[in-house]
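This report refers to the structure that appears directly beneath it.
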Amino acid sequence: MRRLAPYAVAIGGVTGITGAIALIASLAAVPGLSVLYLLLVLWLGARWGRGPAVAGSFAAFLLYDFFFVPPVGTFSVRGPGELLELVVLLAVALVTSQLAGSLRRTQARAESLAGESRALYELAAAGLRSSDTSEVLLMLSLRATELRGVGRFALVAVDSGQPSVLAGGELTVGELKQAAWSHEHDRGVGIAVRGGSVKPVRTHPGATEPAYLPLGSGVAVIGIDAAEAEPDGLRMLAALIGLADLLLDRRRAALEAERARGLESSDRLKTAILSSLSHELKSPIASLRTGLTALAAPQAGLQADQRELLVDLDGQTTRLDRMVGDLLALSRLEAGLPLDKGPYDFADLVAGATRQLRAELAANQLVIELAEDLPPVEVDEVQAGRVLANLLENAHEWAPPGGVIEVGAAPQGAMLEAWVENEGPAIAAADLDHVFDTFWTRRARGSGLGLAICKRVVEAHEGTIRVEIRRRGPRFIFTFPLANVPAVPVS
């Protein structure tokens, strides 16, 4: 009945205008009264569109022919003049109805777009104002279910492969698994967005399962009836999905920033603790080493086996002192303290590191391949020496007795590429990505700090460090920047 009402108004309006024309014609001869029909047709087209306006046009054509075109009372036409008048009336009425209907559709489309824009603006503004995206996502979900044909609209966030519902009601375990699969494979199920509009895609008719559309940081789970959905509603749904995608990305960025702040606070606390412990342990260890050295002297009068025990204790204390030094160095590097750089001869740095480890390296064949004309490097003397010492100590730990340890270097552009290689077992492929991690070690008694410090020192000098597996063993390759001025003697 609601659909037929405009047509009833059209017929009734034409009938009324016919009576009015008849009344006016009985009182006076007024030409051009048929234009009254055109006014009605124009109003019908603007009010209800083309259908009622066309119906009114044909009704006006027939009634005007029957009542006012001679011979009156019949649908026949006496002459070409009367026929032309009727044809012009019908043509003008049809064109007027078409224009009015087109105007109405354009106006309705403009009002629909304005409504969509207003709704999207309100949701976007709410999202920008609110620090909690969950509330805005809930509003967005409710707005989507107000669209014709959309019975369900849920938003699922996928964090580290785990789906969780943020808005739109609960999902079953199977639906959550399907959402996780859709996001992992970046593949929509039962739905697609093309040309700024949602396109329902069903593999078989009558399907009642929800559709899944993967987004950047989650999945939209939508229950949509393609038969009831309207084109404007599908466009609005696509816009809401786009806004949901942006809000989910904003939520993920906020979570990642929060995690980063937590990790940064944890790193600062760890660095502070390491620095404090290192400083507190330095003095007692130094006193212990002094006492052990004094006891090991001949004047102490100890037996040979007692002096041997003291030498072993002194070695363990030296190892502990080196570990504490590594902790202190690591804390300073992670704190970002500036380096005391200067131009140094790389051969002098190698000589200093080998002197420091001469007792350990005596059990190996040390091969040093350095050209005499190597340019100086721009480094922090202490930290660069620590890199060499740590790499040499690591090589000694893994080289067999009498095994070869090779140190070499060669200029590569603006950098000096150096390496430390040793005979020994290869590093497993699965461990190559972890050898420079803090506290990671392959040794039962290792601290896991030496190589981590090497990496941080090299990177602080804007260099790189990596490990390659050669035929006889691993080779650690690192770079230092070349200096533009002559080298200074190593202290």
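The values are calculated or read from the model by the stated rules, or taken from the named source; none is laboratory data. Not measured: the values here are computed from a predicted model. Virtual Cβ from ideal backbone geometry, glycine too; neighbours counted across all protein chains shown. Side chains included, ligands, DNA and RNA excluded: accessible areas come from the protein's heavy atoms. Shrake-Rupley method; radii C 1.70, N 1.55, O 1.52, S 1.80 Å.
Within segment 1-25, which residues have the backbone N less than 16 Å from the label spot 7 Å out from ALA227 along Cα→beta-carbon, could you tell me?
Under cut-off, by backbone N: nothing.
Give me the percent of the accessible area of segment 311-397 that comes from carbon and sulfur atoms, probe 1.4 Å, all protein chains in place.
Reported share for carbon and sulfur atoms: 50 percent.
In Å², and per residue, what accessible area does segment 332-445 have when probed at 1.4 Å with the other protein chains present?
In whole numbers, segment 332-445 has 50 Å² accessible per residue.
Using the 2.2 N^0.38 Å rule of thumb for compact globular proteins, work out how segment 292-408 stacks up: its C-alpha Rg over that value, please. Spell out each step's value before the answer.
On the way: Rg = 17.6 Å, N = 117, 2.2 N^0.38 = 13.4 Å.
Taking N as the residue count of segment 292-408, the ratio is 1.31.
Roughly how many Å is it from the Cα centre of segment 181-244 to that of segment 367-444, as a whole number?
So the two Cα centres are separated by 56 Å.
Just to confirm my numbers, what's the Cα centroid distance between segment 4-44 and segment 452-466 in Å?
93 Å
Which FRET efficiency value, to the nearest 0.05, is calculated for HIS434 and VAL311 with the Förster distance at 35 angstrom and r the Cβ-Cβ distance?
0.50
Bins of 10 Å, beginning at zero and ending with the bin holding the largest distance: percent of Cα pairs per bin for segment 136-272, please.
12, 41, 28, 10, 6, 2, 0
Output wanted: per-residue J couplings in Hz (rounded whole) for segment 159-175, from phi through Karplus 6.51 cos²θ - 1.76 cosθ + 1.60, θ = phi - 60°, x for Gly and Pro.
Each residue of segment 159-175 in turn: 10, 6, x, 9, x, 8, 7, 9, 7, x, x, 6, 10, 6, 4, x, 5 Hz.
What does the charge count near ASN364 come to, summing +1 for each Lys or Arg and -1 for each Asp or Glu among other residues with Cβ under 14 Å from its Cβ?
It works out to a net charge of -4.
List the residues, sorted by chain then number, that are 5 or more residues from LYS199 or on another chain and whose placed amide H is less than 5 Å from its amide H.
ALA192, VAL193, ARG194
Taking N as the number of residues in segment 163-234, what value does Rg over Cα atoms divided by 2.2 N^0.38 Å take?
Segment 163-234 yields a ratio of 1.09.
Ranking request for peptides 214-222, 475-483, 38-46: highest mean number of other beta-carbon atoms within 10 Å first, then the rest in descending order.
In decreasing order of mean packing, 214-222, 475-483, 38-46 become 214-222, 38-46, 475-483.
First select every other residue whose beta carbon is under 9 angstrom from the beta carbon of HIS461; then total the charges, Lys and Arg +1, Asp and Glu -1.
After counting each charged neighbour, the total is -3.
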